[in-house]
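Taken together, the values in this text are just the output of simple stated rules run on the coordinates, not laboratory data. Computed from a prediction, not measured in an experiment: that's the story for all the values here. Note that each Cβ is placed from the backbone with ideal geometry, even for glycine, and that neighbours are counted across all protein chains shown.
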Amino acid sequence: MPTIGLYTATENELGAVQQAAQRLDGIDLVVRSSGDLDEVTDVDAFIDEVESATAVVLWLHGDEDSMPGYDHAVERLSEAGVPLVVKSTGDAFALRDTSVSDADRERAVEYLERGGVVNIENLCRFLAAEYDDFDTDVEDPVSLPTEGVYHPDYPGIEYEELRETFDPDDPTVGVWFYESHWTHANTRYVDALVRRLESLGVNVLPAFCNPATDEEGQENAEWVARNWFSDDDGPIVDAVVSSFMFSLSMSERGRDAADEGDDAEDVFLTELGVPVLQAITTMRSRSRYEGSDTGVMGFELALSVALPEFDGNVITHPISGKERMEDEAGVGSAPKQHFPIEDRIDHVARLAVNWANLRYLPNDEKKVAVVLHNYPPSDDGIGTAFGLDTPASTVNLLHELDSRGYTVGDPPTDGQSLIDDLTSQLTLDDRWVAPEDVRDLSVDVVSPDQYEDWFEATDERFQDHLIEEWGEPPERPFAIPGVEFENVLVTVQPPRGFGMDPSKVYHDSDLQPPHDYLAFYAWMREEFDADAVVHLGTHGSLEWLPGKTVGLNAESAPDQLVGDLPNVYPYIVNNPGEGTQAKRRSYAAIVDYLTPVMRTAGTYDDLSDLEELAREYREAGMDEARPDRGEHLRELVLEAVDDLDLAVELGFEDLDDVHDLETTEFDELVERIHEYLTDVKTTQIRMGLHTMSEPPADDRLVEYLVALTRLPNADTPSLRESVAGVMGVDYDRMRDEPGAYDEALGMYLSEASDHVYDQCVELVETLAEHDFDVPESEVEADADDEVNMNLLVVDIDQLGDAKAKRGAHDDLREVLAFICEEAAPRVAAAADEIPQTADALDGEYVRPGGSGAPTRGGVDLLPTGRNFYTLDPRKVPAKPAWDVGKRVAEGVLERHYDDHDEYPEEFGVVAWGTPTVRTRGETIAQVLAFMGVEPVWTDAGRIDDVEPIPLDELGRPRVDVTTRVSGLFRDAFPQAASVINDAVDAVVDLDEPHDMNYVKKHVEEDTAELEDDGVDEGDAEKLAKHRVFTTTPGGYGAGTNKAVDEGEWDDRSDLADVYVQWGGYALGSRGRVTEAHDAFERRLSGVEATVKIEDTAEQDEFDSSDWYAFHGGFVSAVGEISGSDPASYVGDSSDPDNPQIYTNEEKVRKAMRARVLNPDWLDSMEEHGYKGAGDLSTTVDVTLGWDATTGVISDTLWENLADAYAFDESRQEWMRDVNPWALESITATFLEAIDRGLWDADDDIEEQLRDINLSVEGDLEANTTTVTQSND
C-alpha cells in the first residue's frame, strides 16, 4: 500500500489533511506538524516511519527553521532514496533539496498552494500513482474560491441564493472570517455565531476572504464590503462581526487615519457606514483563556485588538479557543481548531444585534441613558470629565436628539438648568437629602426581590465575587438617581465602593462593585429598557472594574454590568490610553472631543510686579549716575521674592540664602528671576473648558491656533520659531537663555520672547479677521483683498539692529498657509462632535482618527468626533521616543550629579499608559537609557532585542531602575515591560565592576541575601531581578489618592503602606503578574531619586489625583521605607526638541503659579458655571494630596490658594450661586489641611474658612429642609 509522508510547518492545514486522509482508500498518510516535533527524537521517529514511504512532502513556512531538524531529516531521506518535495517561500534550498523532477515538484507545489481537502487528496493520489504505480484517478489541481458566502446549513450556497432567504423586515448582520478557516474546515465558531444570530431574529450574511490580499484573481475585504455587504442603495448589512486580525483599511505608520495616506473619509469602512464589532479567535485553549487573568495578551493583543482599532472597530472579546482534535484519520497528527466559547458567542451576537437594531428602531421609540460621572461622589462634581463642560455638552446632545425625533420632552436650555434639575432630585451625595425624601426624589426604586432576580441572572462566578466582597444581596431597596426627559435618561454613575467601606482602600485595589452598582446597570438595561448608553466624558469607573485585562469573560465585572448595550463614549482626544481602556473593557465606540483652548500663561499680580522690578534693577545697573536706585530696587526685589515664596523656584534651599547674596551673585539672581518668570509666562495653560460641538471662536480661536502651531507640525515649521527668525531673534537662545541681554536686539531675550508672541497673535488675528481666506500674494488676490500672505510676512519689522534669519520668511508663509488650510478647518470641525455622537446612537459607523496631544505638533490628530486609535504595542519605544527619552535620562542624571556630586545608584520611575501612547514610549526609553541599554528594531519598527551600550561610550555607571507602571500600562504594553526585563537580564550578565553597573550590583547582593534567607538559588535571582511593578490584574491606580479622598489615613506612613500594598506585584515577561510585595519594598528601600516624564502641557500636576497618587505616593513610600526622602524630578518633554528637567517641587510650584493661581484661568472657569466651580474644587483636593505625600505646598501657597478660591468675594458669590457644594468642599479641604498640620495657617484665616464653610452648609441644609417640606 502506498504511504505518503507529509510535514506541515503550520497547523492550519491539518483539518483539511484529516478530511483528505479519510477519503484516501488504499493510501496511507503519515503526518506531522511543527507542534509534534519538540525534540530530536520526535524528528527521528517521524523519519523512521517515512524513510520507506512512497514519497515525502515537507511543507515549510518560510525557511528551514520552520521545521525542527530540517537538515537532519533531508539527509536521512536522501540516504534512503525517498522521493522528496520541499515547498518553501521562494528559497533556493527548496529546489536544491527536492529530489523529484521539476515538473512533478511544480505540480505538487500547485496542489499545496491551492490547498483544501480536494487538492491535498489529489496530491497524495498523484504521488502514489507516480512513484508507486498505484491505480487511482488523479484530478488536476483545483482552484478553490478565495472569497465566498457561507452558511452552515446551506453548503455551497451562492450569494444571491443566500440573500433570497432573508426577511427584508429584519436587520442583517454580516460576518467576516478568514478564507483559510473555510478552506481547512475550521468553521465551528462561525457556525455557532451564525445560528445564535439567526435565533435572535436577524438575517446573517457570512463571507470569507483573504482580507488584505492584492493578488490577481483574489478579492479582499474591501471588495466584499462594496459588492456583498452593500449595493447602489447603501449598506445591505446593519452591523458586521469581524474576526480578522490586523487593520483592514489603515496604515500601521502611526497617526494617518487612512491607508495610503488618504483621508479617513475615503476609507471603505466609512463608505460602508455600519458598526464593525471585533471578535477575537484566540490561539489559547478555551480553558486557558477562562483561567487567565489577562484574557488576550502577547502578539494577539497587537494583531487582534490594537491594529483592528485603526479601523474604528468596537472591540469585544474571544469567541473561540483552539483545541486539539482527535486524530480520527489515524495519520499521526491532529489539528488545533477553533471551537466556540458559547457564552461569548451569545454575548457578541446580542451586542451586534443591538447595534444593528439602532438602525431599524424609530428614533421616537429609542430609549437612551446618558450616564454622567461623579467622582468623588459629592454634589460639587456631577459630570466629572476632564476638560469638558459636561452639563452644557449634555444639553447640546439632548437638543440634537430632539431635532432627530427622539422623544425628549422639554430639554433644559443650558447646563445650569440641567444641574438644577439633577440636584433637585436624588444624587449620590446623601448629606443633603432627608431619608424620607429618597423615594420621591428617585427616578425609580428597585425592590430587593427584583434585584435578587437580576443578581441571580448574572454569571455565577461574578455573583460569588460580589458576595465575598459585599455579602449577600441586601434586604433593602435601591434608589436610582437622575432625571428622565421622557425617553432619554440623564443619570449619575454609582460610586465605586471605597466610600462604603474605607478600610478596603488598604487591601482591595481590585475592589468589586457594590450591589448598588449592579442594581443601577441592571435597572438601566431591564427596567428603563435602554437601547443604548452614552457615558459622557473622560472618565467613569465602569471600565476600571475587576476582570480580565483585555478580552473580558462573563466573570468580568464590566461585562456583566454594561451587558449587550451599545456604549457610546465621548472622550478627550489627548487621553488615548484611558480611552482605549473604555474601548477594550466596556465595548465602547469612542467619539473624541477637543481639548480646551491653550495659550501662554502670562504674568499677573505680584509676578508682574516682580518682573517689572527685575527689569528696573537691570536698567539701574546700566545707569552709573544712580547707584542708590539699584540698592533700593534690590531691597524691593528681595521683598517680592519673600512675599512670593520663590526660593525653591530660584534654586535656593530657603529665603535666607537669597538675602545673603553678594552683588555679583544678586545680579545672577535677577537674571534667574527673568528666566523663571519667562518659563512661567510662556507655559501653555488651558483656558476654560471645551463644550462638545462648540469650537473655539474669536480670541479663543486665535489663542488656540497659536498654541497648535507653536511647535512644528510634521514638515510644517513652528509659527513661533518662524516669527522669531523674521524678527531677527535667535530662537534657540531666546528659548534657552531668556535672562540674557542681546546687543543686536537692544533688549533682554525675555522681552524679545514677548514681542515674538505678540506678533504671532497679531498674525493669526489678521487671518481670523479674513475667515482664514487669505491669498498667497498680490497676484492671487482679488481687487477687494486687503491683505495677502506675502504682505503679512514682509511687513514684520526686525527688532533693534537684528537681521532676519535666512529662509524665515518662507517658513512663515508656509505656516500661515497651514493655519488657513489645515489647522483652522480641523478645529472648526469640532462642531461635528455632538452630531457624530447622535449618529452613533443611530447605528452609524464612527470614523477612526488619531489620538494624542494636538498642541505637541499634533494638528493632524484633528478633527475630533472620531473613534480614536493608538499604536502597535510591539513598537514601543519607537525610535523618536528613544531619542527624547534618552535625552531626558541624561538631563536628569546631569541635574542630579550637579545637585549631589554623584550619580544615584537607583532611580524610581513612574510609567503610565496614556503618555506611552502619546509619545510612543519616551518613559520606557528613559528607563533603558538609565541602564545604558539601547533597543534593537526590526525594519518594520518592532522591538527585536536590546543591546548594552559599552561603558566607554556611556561614560558613566549603569543606573538601576525600579519602574512602577499603571494598571493600564500593564494591560496595554506587556511587551514594553518585557523589554525592560530583557534589559535587566542583559546588563546583569555583563562582566563589569559593581561601581559601574549598579543593576548587576543590586541583583547580586539581593540574590545572596535571599539565598541566606533560604530561598533557592534560581528563585533568588529571579526575585532579585524584579524591576517592573504594578497592581494586581483587574486592579487600577496607586491607591494613595483613594486613602486621601476617603480621609482614611493618619500620617504619611499610612499612605506609603497603601502605595506598597497596591503596587507590590511584579510584571514579568509576557505580561505575567506575580505577588512581590517583599521585592517591591526591597527595591523602594534603595531608590535615591524618582522621575516622571510629562509629555504635554495640556495636562498638569493639579488636573487629577493620579498625579500625586503615583509620583507623590512613590516619594512617600521611599521616604517611609528608606528613612529619607528621595530626590524627585520631572522630565518635561512637552517640546520634544527641547526637554526640560525640574525637581518635582519646582514643577508642582510652576503649575500652581502658571495656571492654578492665574486670574485669567480662574476667570475662564467662571464662564462654565457649575462645572467650572467643580473643577476648582478638584484642584484644591489635589493640592492637599500633593502636600500629604510630598510636602511641596508651602504655607504661602496654601494662603494664596485660599485667597483666590475662598476669600475672593466675587468668586465666593459666584460659587454660592452656581455650585455652593464646591465652595463647601473647597473650604472643608482647606480646613482639613490645617487640621492635619499640612498648613500652618494663622488663626484668623482658619476662623474665616470655618465661617464660610458653616455658612454654606447652613444654606445647603436649609435647602434640604425646603425640599422635605415641599414633598410633604
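In this structure the amide hydrogen of THR691, modeled in the peptide plane, comes within under 5 Å of the amide hydrogens of ASP389, none closer than 5 places in sequence on its chain.
Working out 0.36 nm times the residue gap between ASP42 and SER287, then minus their Cα-Cα distance, what length gain in nm do you get to one decimal? Kindly include the intermediate steps, with their values, before the conclusion.
Working: separation 245, 0.36 × 245 = 88.20 nm, distance 2.71 nm.
This chain segment gains 85.5 nm when fully extended.
Taking only the C-alpha atoms of segment 1065-1219, the Rg (one decimal) and the largest Cα-Cα distance, Dmax (whole number), read 18.2, 57 Å.
Subtract the Cα-Cα distance of VAL779 and ASP801 from 0.36 nm times their separation in residues, and report this length gain in nm to one decimal. Present the calculation step by step, with values, prior to reporting the outcome.
On the way: separation 22, 0.36 × 22 = 7.92 nm, distance 3.16 nm.
Length gained, VAL779 through ASP801: 4.8 nm.
Give me log10 I(q)/I(0) at q = 0.14 Å⁻¹ for segment 603-681, Debye formula, one equal scatterer per alpha-carbon, no solvent. Here log10 of I(q) over I(0) equals -0.40.
Largest first, the three principal axis extents of the alpha carbons in segment 148-357 are 50, 42, 37 Å in whole numbers.
To the nearest 20 debye, what is the magnitude of the charge dipole of the chain about its Cα centre, counting +1 on the Cβ of each Lys and Arg and -1 on the Cβ of each Asp and Glu?
Details: 96 positive and 279 negative charges, 653 e Å.
It comes to approximately 3140 debye.
Packing order of peptides 228-241, 338-351, highest average first: 338-351, 228-241 (average count of other Cβ atoms within 10 Å over each peptide's residues).
Coupling constants for segment 155-172 follow from the phi torsions by the Karplus curve (6.51 cos²θ - 1.76 cosθ + 1.60, θ = phi - 60°), and in residue order they are x, x, 5, 8, 4, 5, 5, 5, 4, 5, 7, 7, 8, x, 8, 9, x, 10 Hz; glycine and proline get x.
In terms of surrounding Cβ atoms within a 10 Å radius of their Cβ, HIS900, HIS1026 rank from fewest to most as HIS900, HIS1026. Positive end of the dipole of the chain (Cβ unit charges, origin at the Cα centre): among LEU200, MET297, VAL706, the Cα lying farthest that way belongs to LEU200.
Over all distinct alpha-carbon pairs, what is the Kirkwood Rh of segment 273-352 in angstrom? Each step should come with its number before you reach the end.
Values: mean 1/r = 0.0725 Å⁻¹.
About 13.8 Å for segment 273-352.
Under 5 Å from the amide H of VAL175 lie the amide H atoms of LEU205, ALA207, VAL241, each residue being 5 or more positions distant or on a separate chain, with H modelled from the backbone and absent for Pro and chain starts.
Pairing the Cα long axis of helix 1169-1190 with the longest principal axis of the chain, what angle in degrees results, from 0 to 90 and rounded to the nearest 10? Taking the Cα atoms of the chain, the angle to 1169-1190 is about 90 degrees. Here the Karplus relation 6.51 cos²θ - 1.76 cosθ + 1.60, evaluated at θ = phi - 60°, turns the backbone of segment 798-813 into coupling constants of 7, 7, x, 9, 6, 10, 5, 6, 4, x, 5, 4, 5, 4, 5, 4 Hz, with x for every Gly and Pro. Helix 749-769 and the longest principal axis of the C-alpha atoms of the chain enclose an angle of approximately 70°.
The 3J(HN,Hα) values that the Karplus relation (6.51, -1.76, 1.60; θ = phi - 60°) gives for segment 933-941 are, in residue order, 10, 10, x, 10, 9, 7, 4, 7, x Hz. Gly and Pro appear as x.
For segment 686-833, what is Rg from Cα atoms divided by 2.2 N^0.38 Å, rounded to two decimals? Display every interim value, and only then the final one.
Details: Rg = 16.0 Å, N = 148, 2.2 N^0.38 = 14.7 Å.
Compared with the compact-globule rule of thumb, segment 686-833 sits at 1.09.
What FRET efficiency do you get for GLU668 and ILE949 if R0 is 51 Å and r is their Cβ-Cβ distance, rounded to the nearest 0.05? Write out the running numbers ahead of the final one.
On the way: r = 36 Å, r/R0 = 0.71.
The value I calculate is 0.90.
Kirkwood hydrodynamic radius (Cα pairs, Å) of segment 874-1156?
Values: mean 1/r = 0.0534 Å⁻¹.
It is 18.7 Å.
Please grab the % of Cα pairs in segment 3-132 that end up more than 18 Å from each other.
Numbers: 3946 of 8385 pairs.
For segment 3-132, the fraction of Cα-Cα distances above 18 Å is 47 percent.
The angle between the Cα long axis of helix 627-644 and the longest principal axis of the Cα atoms of the chain comes to about 50 degrees, rounded to the nearest 10. Given H placed on each backbone N at 1.01 Å, which residues far from GLU1094 in sequence or on other chains put an amide H within less than 5 Å of it? Hits under the 5 Å cutoff: GLY1131, ASP1132, SER1133. For segment 1121-1252, the dipole from Cβ point charges (+1 on Lys and Arg, -1 on Asp and Glu) about the Cα centre works out to 540 debye, to the nearest 20.
Per-residue counts of other Cβ atoms within 10 Å, averaged by peptide: what ranking do you get for 712-724, 936-948, highest first? Don't skip to the answer; put the middle values down first.
Details: 712-724: 22.2, 936-948: 14.5.
The peptides rank, most packed first, as 712-724, 936-948.
Can you list the equivalent-ellipsoid semi-axes of the chain, largest first and in whole Å, using the square root of 5 times each Cα gyration tensor eigenvalue? Intermediate results must be reported in sequence, preceding the final value.
On the way: eigenvalues 616, 283, 212 Å².
Semi-axis lengths for the chain are 55, 38, 33 Å.
Just going by the charge dipole of segment 603-681, with Lys and Arg at +1 and Asp and Glu at -1 on Cβ, which of LEU669, GLY630, ALA647 is farthest out on the positive end? Of the options given, the answer is GLY630.
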